[in-house]
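Trainee: Sharing a structure, written as structure tokens. Questions coming.
The values are calculated or read from the model by the stated rules, or taken from the named source; none is laboratory data. What you see is a predicted model, and the numbers here were worked out from it, not measured in a lab. When we count neighbours, we look across all protein chains shown, and the Cβ atoms used for this are built from the backbone with ideal geometry, even at glycine. SASA here: full protein model, heavy atoms, side chains in, ligands and nucleic acids out. Shrake-Rupley method; radii C 1.70, N 1.55, O 1.52, S 1.80 Å.
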Amino acid sequence: MKKVATAYVFTCTLLIISIWCGVAIGSVHIPIEVLWNQSVDETAANIFWKIRLPRVLLAGLVGASLAIAGAAFQGLLKNPLADPYTLGISSGASVGAVMTIFFNISIPVVGLYALPTFSMIGAVITMVVVMSFAKIVDRSLKMETLILTGVIFSSFLGSLISLMIALSGEELRQVIGWLLGSVSMRGWPYVQMIIPFVIVGSLMLWTQRRELNVLLYGEERAKHLGVNVKRSKYLILVGGSMLTGAAVAVSGTIGFVGLVVPHMTRMIWGSDHRHLLPLSFLNGATLLIICDLVARTIILPRELPIGVITAFIGAPVFSYIFYKQRRGKGVRA
């Protein structure tokens, strides 16, 4: 119990520090006094409330969404290499979002939420297709089969995105800027856009925390222990795809967060999903806030796409996990 309390205190403290660093550090320094007295520096106060704070919150929500989705997928598939990026789900969400931009799709009923809705639909469809195809090829769903299937469908979906880019006119800059992955200049509307999906998707995964623990021992044993495996799979897949779709819709494709964060959290704090899911959520938020801070300050006054920073971190970690798995010494999800 003491270890669990320490984990939450440490994680929350790190998140708070990263949030403050994210809003305070930049081309304009934000003094802490603007939190309670905007008249101290009105320019800094405007930057804080209208630019920095929504940007940091959006980065945190995107990172948290991808991390908790990755933790759930890894638990469901019993595979530490599973995450929305490697399974092709991010690519599916990207196709849904790019189609919305390309065809200028709008739905009067959902209004602002048309982009994340279609992105989420693309993520869910891709997840179902990848899992179905992988099971046809190999009923045991081995790691190599699943990853290769994700790569195949990512390549195919990437070609669809390239086709829409080639055919686009005025939408070209918007599509390219979105695909690079960024939370720059999104503002409060994008924070409002993602919050409902984060809440619903996270709650769906949270309700399956005990089922995920049981599923680690195999589906047959889980059935004997009273778990409705089919229902649990459905909730986990839909919840994870919803979070991925919403994250991709507001920030573009940002890879490896759902791979790195759950893996490191599991190594340090254990694989009990009752704590792995919320700790991954918090750590995912921290990681992406820090990555965004680095992306916008490392080569001032220019700004890097946030996906570049996460790839620098994620690619070596992915290689390490894959090496350990192949050597038969790897961590178990």
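Trainee: Could you go through the stretch 68-78 and let me know if any residue there is open to solvent by less than 10 Å² (accessible area, probe 1.4 Å), among the small types (Gly, Ala, Ser) and not in a helix (DSSP H, G or I).
Mentor: Within the stretch 68-78, not a single residue is open to solvent by less than 10 Å² (accessible area, probe 1.4 Å), among the small types (Gly, Ala, Ser) and not in a helix (DSSP H, G or I).
Trainee: Something else now. Taking the condition assigned to a loop (DSSP other than H, G, I, E, B) and over 17 Å from Asp272 (Cα atoms), does Val200 pass?
Mentor: no
Trainee: Moving to a separate point now. Working only within the stretch 267-276, note down all residues that are open to solvent by 20 Å² or more (accessible area, probe 1.4 Å) and part of a helix (DSSP H, G or I).
Mentor: Those that are open to solvent by 20 Å² or more (accessible area, probe 1.4 Å) and part of a helix (DSSP H, G or I): Met267, Ile268, Trp269, Arg274, His275.
Trainee: On to the next question. Considering only the stretch 129-167, how many residues are open to solvent by 70 Å² or more (accessible area, probe 1.4 Å), within 24 Å of Leu235 (Cβ to Cβ) and either touching a helix residue (DSSP H, G or I) at 6+ places or on another chain (Cβ under 7 Å) or at pLDDT below 85 (or both)?
Mentor: Within the stretch 129-167, residues that are open to solvent by 70 Å² or more (accessible area, probe 1.4 Å), within 24 Å of Leu235 (Cβ to Cβ) and either touching a helix residue (DSSP H, G or I) at 6+ places or on another chain (Cβ under 7 Å) or at pLDDT below 85 (or both) number 4.
Trainee: In the stretch 96-114, what residues are surrounded by fewer than 24 Cβ atoms within 10 Å (Cβ to Cβ) and part of a helix (DSSP H, G or I)?
Mentor: If the condition is that a residue be surrounded by fewer than 24 Cβ atoms within 10 Å (Cβ to Cβ) and part of a helix (DSSP H, G or I), then Met99, Thr100, Ile101, Phe102, Gly111, Leu112, Tyr113, Ala114 are the ones that fit.
Trainee: Taking the stretch 117-136 only, how many residues are aliphatic (A, V, I, L, M) and in contact (Cβ under 8 Å) with a residue 60 or more places away in the chain?
Mentor: Count: 7.
Trainee: With Ile313, Ile289, Ile236 as the choices, which residue is within 27 Å of Arg186 (Cα to Cα), crowded, with 23+ Cβ neighbours inside 10 Å and touching a helix residue (DSSP H, G or I) at 6+ places or on another chain (Cβ under 8 Å)?
Mentor: Result of the check over Ile313, Ile289, Ile236: Ile289.
Trainee: For the stretch 249-263, does any single residue satisfy the condition of being farther than 15 Å from Leu66 by Cα and surrounded by fewer than 24 Cβ atoms within 10 Å (Cβ to Cβ)?
Mentor: no
Trainee: Leu279 fails exactly one of the following numbered conditions: (1) open to solvent by less than 60 Å² (accessible area, probe 1.4 Å); (2) within 14 Å of Phe73 (Cβ to Cβ). What is the number of that condition?
Mentor: (2)
Trainee: Please find, within the stretch 185-233, the residue that is farthest from the chain's Cα centre (by Cα) out of those that are of a type in the set (S, T, N, Q) and open to solvent by 30 Å² or more (accessible area, probe 1.4 Å).
Mentor: So the residue we want is Asn228.
Trainee: Out of the residues in the stretch 25-50 that are under 16 Å from Thr297 (Cβ atoms) and without any contact (Cβ under 8 Å) to a residue 24 or more places away in the chain, state the one that is surrounded by the fewest Cβ atoms within 10 Å (Cβ to Cβ).
Mentor: Going through the qualifying residues, I end up with His29.
Trainee: Looking only at residues in the stretch 292-310 that are modelled with pLDDT of 80 or more and either open to solvent by 60 Å² or more (accessible area, probe 1.4 Å) or charged (D, E, K, R) (or both), which one is nearest to the chain's Cα centre (by Cα)?
Mentor: The qualifying residue nearest to the chain's Cα centre (by Cα) is Asp292.
Trainee: For residues that are part of a helix (DSSP H, G or I) and touching a helix residue (DSSP H, G or I) at 6+ places or on another chain (Cβ under 7 Å), tally how many sit in the stretch 21-44.
Mentor: Final tally of qualifying residues: 8.
Residue-by-condition table, conditions (1) farther than 17 Å from Val128 by Cα; (2) in contact (Cβ under 8 Å) with a residue 24 or more places away in the chain:
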site	(1), (2)
Tyr217	yes, no
Glu220	yes, no
Gly226	yes, no
Leu235	no, yes
Met242	no, yes
Ala247	yes, yes
Trp269	yes, yes
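Trainee: Six or more apart or on different chains, Cβ under 7 Å: which pairs go from a residue in the stretch 185-214 that's at negative phi to one that's loosely packed, with under 14 Cβ neighbours inside 10 Å and part of a loop (DSSP other than H, G, I, E, B)? Could you list them?
Mentor: The qualifying pairs are Val214/Leu225.
Trainee: Let me ask something else about it. Among the residues of the stretch 198-221, which ones are within 15 Å of Ala72 (Cβ to Cβ) and of a type in the set (A, V, I, L, M, F, W, C)?
Mentor: Answer for the stretch 198-221, where residues must be within 15 Å of Ala72 (Cβ to Cβ) and of a type in the set (A, V, I, L, M, F, W, C): Val198, Val200, Leu203, Met204, Leu205, Trp206, Leu212, Val214, Leu215, Leu216.
Trainee: Only one of (1) of a type outside the set (Val, Ile, Thr); (2) over 30 Å from Ile299 (Cβ atoms); (3) assigned to a helix (DSSP H, G or I) is not met by Ser65, so which one is it?
Mentor: Only one criterion in (1) of a type outside the set (Val, Ile, Thr); (2) over 30 Å from Ile299 (Cβ atoms); (3) assigned to a helix (DSSP H, G or I) is unmet by Ser65, namely (2).
Trainee: Okay, moving on. Return only the number of the condition from (1) under 18 Å from the mean Cα position of the chain (by Cα); (2) open to solvent by less than 10 Å² (accessible area, probe 1.4 Å); (3) not aromatic (Phe, Trp, Tyr) that Leu180 does not satisfy.
Mentor: Condition not satisfied by Leu180: (2).
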